[in-house]
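The values are calculated or read from the model by the stated rules, or taken from the named source; none is laboratory data. Bear in mind that the values here come from a model prediction, so they are computed numbers and not experimental data. Positions of Cβ are backbone-derived with ideal geometry, glycine not excepted, and every protein chain shown enters the neighbour counts. Ligands, DNA and RNA are excluded from the accessible area calculation, which covers all protein heavy atoms including side chains. Shrake-Rupley method; radii C 1.70, N 1.55, O 1.52, S 1.80 Å.
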Amino acid sequence: MQKNRILLSLGLLAALSVGLIWFGLSQEVSPDSNAAPVSQAVPPTPVSQEDTPDPADWRLCLVNPWHPLPEGYQPQLTQVENGHQVDSRCAADLEAMLADCRAAGHTPLLCSSYRTQEKQTQLYNNLVQKQIARGNSRSEAMAKAAKEVAVPGTSEHQLGLAVDIVDTQNQVLNRAQEDTAVQQWLMEHCWEYGFILRYPPDKGEKTGIIYEPWHYRYVGREYAQAIRQSGLCLEEFLQR
């Protein structure tokens with residue numbers, strides 16, 4: 001009898017031990033619905049703005065009447081739509097910008113892109129002749145022409161980073177372009193693709209070129225955002 005009682009006690013102890021072990025394990029593997037997660041996903045780091053522009057950065061290469069094209073400069077070109085060519089490093093962003101503009105219901109037309117020295121010379125000389133035909137002296141004609149078509153060797157188009165875009169409903173390069181649906185969309189969204197309106201209004205003395213609401217210059221997405229927020233033209237931005 002005594003032996004049976006001992007065996008019964010041992011059995012009860014064993015059962016109790018197993019139950020306690022099982023209870024502890026179940027508590028460990030069953031998460032508390034109110035408990036904090038072990039780890040949380042780290043949010044992506046926001047794109048930082050370039051506080052100090054680096055003039056040596058290819059995206060900020062300054063070409064204007066006072067800063068000619070670097071000697072021997074020749075971009076690596078990629079063909080985009082309508083046979084136009086641009087610097088290969090901005091081609092994808094340009095194509096995305098044009099595609100999204102069209103997806104928004106607009107009709108942009110790329111009408112000018114990379115230009116050779118010969119092409120720029122031809123355009124400049126043609127405008128000089130038109131100015132002379134209007135009664136200007138040759139020196140006056142050259143000065144006036146330079147405000148609309150850059151003197152060869154000082155045109156951003158020779159960088160392969162500048163494009164002229166018009167609305168197919170209005171292909172005249174004049175101030176009325178700013179009122180077209182295409183330009184209104186581009187002016188609002190171009191920075192998202194790394195482009196800026198290069199020759200904004202009231203900046204002609206800084207840029208050397210009249211207001212052109214059709215001329216866009218690639219500077220990369222970070223710089224484009226910073227320039228947009230600053231309200232400065234490229235010359236002013238680089239001189240900060």
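Looking across segment 170-193 at every residue that is assigned to a loop (DSSP other than H, G, I, E, B) and within 23 Å of residue 150 (Cα to Cα), the one that is least open to solvent (accessible area, probe 1.4 Å) is identified as 174.
Yes/no per residue for (1) touching a helix residue (DSSP H, G or I) at 6+ places or on another chain (Cβ under 9 Å); (2) without any contact (Cβ under 8 Å) to a residue 60 or more places away in the chain:
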{"site": "126", "(1), (2)": "yes, yes"}
{"site": "150", "(1), (2)": "yes, no"}
{"site": "160", "(1), (2)": "yes, no"}
{"site": "166", "(1), (2)": "yes, yes"}
{"site": "169", "(1), (2)": "yes, no"}
{"site": "174", "(1), (2)": "no, yes"}
{"site": "184", "(1), (2)": "yes, yes"}
{"site": "217", "(1), (2)": "yes, no"}
{"site": "236", "(1), (2)": "yes, yes"}
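The requirement of being in contact with a helix residue (DSSP H, G or I) (Cβ under 9 Å, 6 or more places away or on another chain), closer than 28 Å to residue 232 by Cβ and either modelled with pLDDT of 95 or more or surrounded by 12 or more Cβ atoms within 10 Å (Cβ to Cβ) (or both) is not satisfied by residue 156.
Scanning segment 199-215 for residues that are under 19 Å from residue 170 (Cα atoms), in contact with an Asp or Glu (Cβ under 6 Å, 6 or more places away or on another chain) and either loosely packed, with under 15 Cβ neighbours inside 10 Å or not hydrophobic (A, V, I, L, M, F, W, C) (or both) yields 213, 215. Taking the condition of a type in the set (Asp, Glu), within 20 Å of residue 213 (Cα to Cα), out of contact with any Gly (no Cβ under 8 Å at 6 or more places or on another chain) and open to solvent by 30 Å² or more (accessible area, probe 1.4 Å), does residue 167 pass? Here the answer is no, as residue 167 does not meet what is asked.
The single condition among (1) touching a Cys at 6+ places or on another chain (Cβ under 9 Å); (2) more than 19 Å from residue 212 (Cα to Cα); (3) not charged (D, E, K, R) that residue 107 does not meet is (2).
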